Amino acid sequence: RRRLPMVYVEAIPVRLDSLGYVTEIGLLYTADDDGRFYRTVVSGRLLYRETVRAGLIRHIEKDLGSLALPQLPPSLAPFTVAEYFPYPSETGLVDDRQHAVSLAYIVPVTGECSARQDALELSWLTPEEALSPEVQAEFIGGREKLICQALAHLGHTS
């Protein structure tokens, strides 16, 4: 971890209407070891010899449950590649533990989702709510930038 960048995947779960427009974005609410609460997205490392597709499915099931029913596209192109550094940098993304490169995806889910693992809650917010200053202030490590990028990619701007 201290000598090479780690490869991660991040998934931003969304709900779509009948025309394919995003109606809700799923954000996890969790706490760190110091008792601070914050919002985040589905994320995790890729394992050795694991495909990106398998890693995405594994982390979505781990964080949202096996009934989330994610709909991965046939071509797995991320909406962005996010670079996290263990110190403030030009990317605005920070991970105190390591240098990490993350492939970030917007993933429609159709099933029943519930917070798993370390998350306390899964909140479904409208794009406008997710872009509000109150919600944006609840992210750490610059992940609010990732949410803004994802929603801009989908045509939503603040």
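The values are calculated or read from the model by the stated rules, or taken from the named source; none is laboratory data. Treat the numbers as computed from the prediction; the structure is a model and nothing was measured. A quick note on method: Cβ atoms are made from the backbone with ideal geometry, for glycine too, and the neighbour counts reach across all protein chains shown. These accessible areas exclude ligands, DNA and RNA; they are computed on the full protein's heavy atoms, side chains included. Shrake-Rupley method; radii C 1.70, N 1.55, O 1.52, S 1.80 Å.
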(request) Name the residue, out of Ala77, Ala137, that is within 18 Å of Leu27 (Cβ to Cβ) and small (Gly, Ala, Ser). (result) Ala137
(request) Identify the single condition in (1) more than 19 Å from Leu122 (Cα to Cα); (2) out of contact with any helix residue (DSSP H, G or I) (no Cβ under 6 Å at 6 or more places or on another chain); (3) touching a residue at least 60 places away in the same chain (Cβ under 8 Å); (4) polar (S, T, N, Q) that Ser75 does not satisfy, given that it satisfies every other one. (result) (3)
(request) Filter the strands (runs of 3 or more DSSP E) completely within segment 4-81 down to those with at least 2 residues that are touching a Gly at 6+ places or on another chain (Cβ under 6 Å). (result) 6-16
(request) For residues that are open to solvent by 20 Å² or more (accessible area, probe 1.4 Å) and modelled with pLDDT of 95 or more, scanning just segment 96-105, find the one that is farthest from Leu76 (Cα to Cα). (result) Val101
(request) Tell me which residues, restricted to segment 66-95, are in contact with a Leu (Cβ under 9 Å, 6 or more places away or on another chain) and surrounded by 14 or more Cβ atoms within 10 Å (Cβ to Cβ). (result) Pro70, Leu72, Pro78, Phe79, Thr80, Ala82, Glu83, Tyr84, Phe85, Leu93
